[in-house]
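This report refers to the structure that appears directly beneath it.
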Amino acid sequence: MVDIDFASVAPITIVIDGPSGAGKTWLANYLASTWPRNRRVEILHMDDVYPGWDGLVAGSQLVSDLLVNQRALSRPVSWQRYDWEKESLTEWMRIPPDVDLIVEGCGALTAGSAAVAQLSIWINADEVRRKARALGRGGESFDEHWDNWDAQFVNFIKIHNPQRLASLVVRQER
């Protein structure tokens, strides 16, 4: 079990990565729902950062830069949210430097983000189960983009080897 001493670490950064449909968002939401009441936590979803269906690498680099160049220097983490319907950047988002942060999504775990995080998690699941879960989400046209997205993620893994960077590896069994 990984134990974080909340009294001695401020602010806390957790990075959760893994393939689509593995359970990253669920885990991030669960962690946030069980967070100590005397601390504020926010979730940065990579889906708000990717600049479209071809943007895994760009989103990953942006988050790594945000964490290394802003979060590690106790500056607010600021980025422009991507609107998938308008296919453009929209409002600016900001997370204060004193707030605990959970970053979740494909491409979140790089050497840069691992260096800043107190906990880095790699979560995986059976490919058939993940694909069914990811494509079963409402409101997305993920099915027509699955192969391209998965190819980007496979390339990301070859370059960054995020499983090796993780301080905790989880296999989703449900």
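Quick note: the coordinates plus some simple rules give every number you see, no bench work behind them. Keep in mind that this is a model prediction, so the values were computed, not measured. Note that each Cβ is placed from the backbone with ideal geometry, even for glycine, and that neighbours are counted across all protein chains shown.
Some observations on this one:
- Residue exposure sequence - Thr110, Thr90, Thr13 - by fewest surrounding Cβ within 10 Å: Thr90, Thr13, Thr110
- 3J(HN,Hα) along region 159-165, derived from phi through the Karplus expression 6.51 cos²θ - 1.76 cosθ + 1.60 where θ = phi - 60°, amounts to 6, 9, 6, x, 4, 6, 7 Hz, with x in place of Gly and Pro.
- Each residue in Glu42, Glu91 was given a count of other beta-carbon atoms within 10 angstrom of its own, and listing them fewest first yields Glu91, Glu42.
- The chain - charge dipole about Cα centre, Lys and Arg +1 at Cβ, Asp and Glu -1, debye rounded to 20: 520 debye
- Annotation for region 61-114 versus region 14-41: alpha-carbon center distance of 15 Å.
- Ser167, Ser20 arranged by Cβ crowding within 10 Å, fewest neighbours leading: Ser167, Ser20
- Length gained on full extension, Trp26 to Ser167: 48.9 nm, using 0.36 nm per residue less the C-alpha separation.
- In this structure the amide hydrogen of Ile16, modeled in the peptide plane, comes within under 5 Å of the amide hydrogens of Val103, Glu104, Gly105, Ile121, none closer than 5 places in sequence on its chain.
- Annotation: amide H-H contacts under 5 Å for Ile43 (H modelled 1.01 Å from N, sequence separation of 5 or more, or interchain): Ile102.
- Residue separation of Asp47 and Trp84 scaled by 0.36 nm, minus their Cα-Cα distance, works out to 12.4 nm of gained length.
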